[in-house]
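> Sharing a structure below in structure tokens format, with a few things to ask.
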Amino acid sequence: MFEIASVFLVLTALLAYLNQRFIGLPITIGVMAAALLLSLALIGLDLAGIDFGLRQYEESLLRSIDFSNVLMQGMLSLLLFAGALHVDLSELRAYRWQVGLLAVLSTTLSTLAVGFGTWFALSWVGLELPLVFCLLFGALISPTDPIAVMGILKTAGAPKRLELVIAGESLFNDGVGVVIFSLLLGMLASGAMPSVGEGLLMLLHEAGGGLLFGLALGYITFRALKSVDSYQVEVLLTLAAVTGGYALASRLHVSGPLAMVVAGLIIGNGGRRLAMSDTTRHYVDLFWELIDEILNAVLFVLIGLEIMLVTFSASTLVAAVLAMSVTLAARALTVGLPVAMLPGVFRLPKGSGWVLTWGGLRGGISVALALSLPLGSERDIVLTLTYCIVVFSILCQGLTIGWVVRKAVTQQH
């Protein structure tokens, strides 16, 4: 395991260096694009008979790690906490209803829109995918990825309140999407459709339980931080709260992602202001900023390399283009349109609907959930659609979101 981690860290450092030295893209986009090109080059060399076994080595390396497990049970807790740590809770509170509507209602409606839209679209290219798998695809692709969104938002130049709503939505809709996905996956495993009451009860237990657990975890950590004045101990306490708290949330069957977001908000606001000295605050911020940057880079390299394990065909590529269109249309209908039509409710600058639609980036969480599906042809189709949308989202939407912000919002003010 140490050797595998070493290989990925060395490769990530090398690609990050090349990007910084010669390419100059935002680090998450740059390292993913470089990893993707590297994998495609190895595939091409292998087909030409001059690969020297490098493609087989990369494939065996990727198969030796469980991407879904590494992200969902390892990286995710750290990345969500790090992302929430620097969100201003007082500003977020002013947009709590807007963020709540987008995170819960829009994600649920988008799951249905993408699910049924994909179900109809795939039949046009002769691909048969059961409705439940289409809905699972809708659940895993509808939430925006907080890791991708917050990494790329830093360079987009969006107005502060718009950036706050996009970040807040991405932090919370991830947890909601995972809960909906789990509900549908349970339905697939049991073969029985749960009643509305059972579905709501599961949503309340997982999502509501995750929020309450996050509150308790954040408060306990806050009290512990306030009782000592040693930056080494306090950094260690935050790390223990994240890793131990996420593991305990899984044991309690409550939403770990939502718990990490809430705990991060509490420690990043009340904890930083009332429980930390200036020295401790400096080291806590520096530690979590480094964790965020390093794990982000490793994650996006992994996404780029995963193309080795994705099965492509002419029909699935056409289906992927249709799925991209369906996903963007669903995002526009469930997020962009309400924001544009209800300016008094959302209180965002004119043109924000366009930014929210195009800025709804997908990332590693979607790929991880697709990989967690039961083995079979249905999983292969969902994984291919998901991977294509994630790559399009990060490379195309991520590189042009700054331009969309300037055209849609900035020029109007």
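Each value in this text was obtained by applying a stated rule to the coordinates, not by laboratory testing. Every value quoted in this text rests on a predicted model; they were computed, and no experiment measured them. Because the Cβ atoms are built from the backbone with ideal geometry, glycine has one as well, and the counts that use them run over all protein chains shown.
> List the relative contact order of the chain as a percent without decimals, with contacts defined as Cα pairs under 8 Å and 6+ residues apart.
The value is 26 percent.
> Taking a spot 7 Å from the Cα of residue 9 along the direction of its beta carbon, which residues of the range 69-91 have an amide N less than 18 Å from it?
Correct set: 70-71, 74-76, 78-79.
> Take the chain, connect every pair of alpha-carbon atoms lying under 10 Å apart with a spring to form a Gaussian network, then pick out the residue of 177, 351, 268 with the largest mean-square fluctuation.
Per the Cα network of the chain with a 10 Å cutoff, 351 tops the list.
> Provide the per-residue ³J(HN,Hα) series for the range 276-285, in order, calculated from phi with Karplus coefficients 6.51, -1.76, 1.60 and θ = phi - 60°, each as a whole number of Hz, with x at glycine and proline positions.
Per residue, the Karplus-derived 3J(HN,Hα) values read 10, 6, 4, 5, 4, 4, 4, 6, 5, 4 Hz.
> Given the options 226, 160, 350, which has the most mean-square fluctuation in a GNM of the chain, springs set between C-alpha atoms less than 10 angstrom apart?
Between 226, 160, 350, it is 160 that shows the largest mean-square fluctuation.
> Taking θ = phi - 60°, what integer Hz values does the Karplus form 6.51 cos²θ - 1.76 cosθ + 1.60 yield along the range 165-173, in sequence order, with x for Gly and Pro?
5, 4, 5, x, 4, 5, 5, 9, 6
> Give me a comma-separated list of calculated 3J(HN,Hα) values for the range 96-110, in order, Karplus coefficients 6.51, -1.76, 1.60 applied at θ = phi - 60°, integers in Hz, x for any Gly or Pro.
After applying 6.51 cos²θ - 1.76 cosθ + 1.60, I find 4, 6, 4, 5, x, 4, 5, 6, 9, 5, 5, 5, 5, 5, 5 Hz.
> I would also like to ask the following. Which lysines have a Cα lying under 23 Å from the Cα of residue 160, excluding residues fewer than 8 positions away in the same chain?
350, 407
> Let me ask you something else. Roughly how many nanometres apart are two label points built 7 Å out from the Cα toward the Cβ at residue 325 and residue 252?
Roughly 4.6 nm, to one decimal.
> Let me ask something else about it. Identify which of 79, 105, 45 has the largest mean-square fluctuation in a Gaussian network model of the chain, with springs joining Cα atoms closer than 10 Å.
45
> Related question: From zero outward in steps of 5 Å, how is the percent of C-alpha pairs of the range 2-63 spread across the bins?
Cα pair-distance distribution for the range 2-63, in percent: 4, 18, 23, 22, 19, 13, 2.
> How do 401-408, 115-122 rank on mean C-beta neighbours within 10 Å, highest first?
Most protected by this proxy first, the peptides run 115-122, 401-408.
> Same structure, new question: Report, by chain and number, residues whose modeled amide H sits under 5 Å from the one on residue 142, excluding near sequence neighbours (fewer than 5 apart, same chain).
none
> Tell me what the chain gives for mean residue ellipticity at 222 nm when only DSSP H runs of n ≥ 4 count, each as -39,500 (n - 2.57), the sum divided by the residue total, rounded to 500 deg cm²/dmol.
-23000 deg cm²/dmol
> If we count other beta carbons within 10 Å of each Cβ, what is the order of 387, 95, 57, fewest first?
Ordered from fewest to most neighbouring Cβ atoms within 10 Å, 387, 95, 57 come out as 57, 95, 387.
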